[in-house]
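The values are calculated or read from the model by the stated rules, or taken from the named source; none is laboratory data. Everything quoted here is computed from the prediction, not taken from an experiment. Methodologically, a virtual Cβ is constructed for each residue, glycine included, from the backbone with ideal geometry; neighbour enumeration extends over all protein chains shown.
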């Protein structure tokens, strides 16, 4: 049996959350405050037999802010659907009445927790209640299928949800027999009866032997005398010492030792190790329950399992658990766990206005090869794309170093706004845009790519950057813009590539591409930024070259970019000189200089042939070279802080632009 769909209506963060399909296992990720723990609590309302029924009677702060208030008669629902139980006779019998599919189709069972007002007596006659409703005027139920009369409160005993909270005390639980996962496991797999009998007999003999010890007798006698003196005949007590004398006491007294010499108990290990052992014991217990002929089909949910675990151990433990068939739900903030999570297991939660939405990667959206590539791509660093408020995808390391540095110099540090820059190590953005796009995780993202304009036989060779934007428009489900960019490329590539500048009409195509979140440069990054950052570029190059003549020739290579006379030959010369160091290594050093750069607004005005006045988005886009990257930062600034990249006292705030976002 498999949990296949979840829907939560009017509960806490969730106005109407739908996760379909719901993966197994599931790793729930997202920013702080989006309601990952609340999602688990919603599932507990339906499936947790250990949740006290008083928690199922909701209070005012359990109601979503956008829903009718408690006194107005709100209705809260949590629906869960299960499938893959056609061969399980016990499940078929247990869920009879909850099945929502017709005969001949694979069975799907739906269980619904419903919290709503009781029917007031006056409603029978059409009257309204005299007083606003309170929590006491509500009732809850768990029903099956579409019929509120089919009571399914018993189903949570067969398919229970067990939640291991984030602030758990694993070490403390091991010392309590009623909570110890070791005791629970041993109860599922008890020792043989003859072994228990012989052990108890041995304990009895040891007890009798111990009772004859003089020191033990003296301790008991002295305790008896003290109690008699303290209480007199009103509280007659006769103390004695004993070992476990019953089978259940024997199991409760078993301790788990963790070293080869059996000297150290679990309380002598680290908190992280205790958590791993705790989780392993729970999983073993649940496996035994599922294997039993009448066993329950427990779901185990663990909040923030990364607590107290070294990063490498996080990766090892959860790479094993998440690739092993099990019914495990995790909530996590750990990029180390996210990095080893199969794409099919990710449930990404995010805020959208006043409520939380969820997204998964639908089966079949990505090819097996694309999935493999993406799962390798999402390493510990790049797993941040699952937690970030916004992601900028770039071609390589140079872009990843320089874009944040340029934003820092402009007074717009990307980290402060939860924006990360991630390299795809190439120009094939399609799988990454698909993953983050409207058909999968629906995360705000932008793409920065080189224009690489050239002369060529085919139009995709002449304007490869715009060609990439054309294809990405379709992935973003912006068909009209896809066609507009396609027509622009046709018109643009009918022209010869000028020695300097761009083909006529290219700016219009670049602007259209920005509307789908793709920002196409003019040529390549290093030559595009040179008109704006030539002082920093010269300083960075100096750090790698000691000979003054070599430094001088590099400054000479930058000169045409300073005065706006650069040609294709100048571009090739500059790139060649940088590649003698390597683009990534040079960009790493350059980023340190760029982050400290001053007077960027003045430099931009100089590129616009002005000395003052507001700098609009259209102004930036028209700048040959750095215009595209500046426009990207301007759009990010308007989106995340609602102001232009280079604000002026006379600027009117432009409306925020959200390219790449799902509206």
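Some observations on this one:
- Exactly one residue out of 535, 531 is surrounded by fewer than 20 Cβ atoms within 10 Å (Cβ to Cβ), outside any loop (DSSP other than H, G, I, E, B) and at negative phi, and it is 535.
- Listed here are the helices (runs of 4 or more DSSP H) enclosed by the range 409-521 that have at least 1 residues being in contact with a helix residue (DSSP H, G or I) (Cβ under 9 Å, 6 or more places away or on another chain) and at positive phi, and there are none.
- Any chance residue 332 is at negative phi, surrounded by fewer than 18 Cβ atoms within 10 Å (Cβ to Cβ) and in contact with a helix residue (DSSP H, G or I) (Cβ under 9 Å, 6 or more places away or on another chain): no
- Tally of residues being under 12 Å from residue 429 (Cβ atoms) and without any contact (Cβ under 8 Å) to a residue 40 or more places away in the chain across the range 471-494: 0
- Output for the range 1-39, where each listed residue is outside any strand (DSSP E or B) and over 18 Å from the mean Cα position of the chain (by Cα): 1, 12
- Only a single item in (1) at pLDDT 75 or above; (2) surrounded by fewer than 17 Cβ atoms within 10 Å (Cβ to Cβ) is not met by residue 302, and it is number (2).
- Checked against (1) in the same structural domain as residue 47 (by TED's automatic domain parsing); (2) at pLDDT below 80; (3) assigned to a helix (DSSP H, G or I), residue 203 passes all but a single condition, namely (1).
- The sole residue among 639, 628 that is surrounded by 16 or more Cβ atoms within 10 Å (Cβ to Cβ) and out of contact with any helix residue (DSSP H, G or I) (no Cβ under 7 Å at 6 or more places or on another chain) is 639.
- Every listed requirement among (1) within 22 Å of residue 527 (Cα to Cα); (2) surrounded by fewer than 20 Cβ atoms within 10 Å (Cβ to Cβ); (3) at pLDDT 95 or above is met by residue 446 save one, (2).
- For residue 347, the conditions (1) in contact (Cβ under 8 Å) with a residue 60 or more places away in the chain; (2) surrounded by fewer than 20 Cβ atoms within 10 Å (Cβ to Cβ); (3) over 24 Å from residue 428 (Cα atoms) are fulfilled apart from (2).
- Condition met for residue 356 (in contact with a helix residue (DSSP H, G or I) (Cβ under 7 Å, 6 or more places away or on another chain), modelled with pLDDT of 85 or more and either under 20 Å from residue 377 (Cα atoms) or surrounded by 21 or more Cβ atoms within 10 Å (Cβ to Cβ) (or both)): no
- Residue 86 surrounded by fewer than 22 Cβ atoms within 10 Å (Cβ to Cβ) and in contact with a strand residue (DSSP E or B) (Cβ under 9 Å, 6 or more places away or on another chain): no
- Failed criterion for residue 584 (all others in (1) buried (at least 18 other Cβ atoms within 10 Å of the Cβ); (2) within 34 Å of the chain's Cα centre (by Cα) hold): (1)
- Among the conditions (1) more than 37 Å from the chain's Cα centre (by Cα); (2) modelled with pLDDT under 95, residue 553 misses just one, which is (2).
- Identity of the residue in the range 616-663, touching a strand residue (DSSP E or B) at 6+ places or on another chain (Cβ under 7 Å) and at pLDDT below 50, that ends up farthest from residue 602 (Cα to Cα): 660
- Scan of the range 453-497 for residues that are surrounded by fewer than 21 Cβ atoms within 10 Å (Cβ to Cβ) and touching a strand residue (DSSP E or B) at 6+ places or on another chain (Cβ under 9 Å), ordered by number: 464
- When residues of the range 541-579 are limited to those that are assigned to a loop (DSSP other than H, G, I, E, B) and touching a helix residue (DSSP H, G or I) at 6+ places or on another chain (Cβ under 9 Å), the one surrounded by the most Cβ atoms within 10 Å (Cβ to Cβ): 566
- Pick from the range 149-166, criterion assigned to a strand (DSSP E or B) and touching a helix residue (DSSP H, G or I) at 6+ places or on another chain (Cβ under 8 Å), ranking: modelled with the lowest pLDDT: 164
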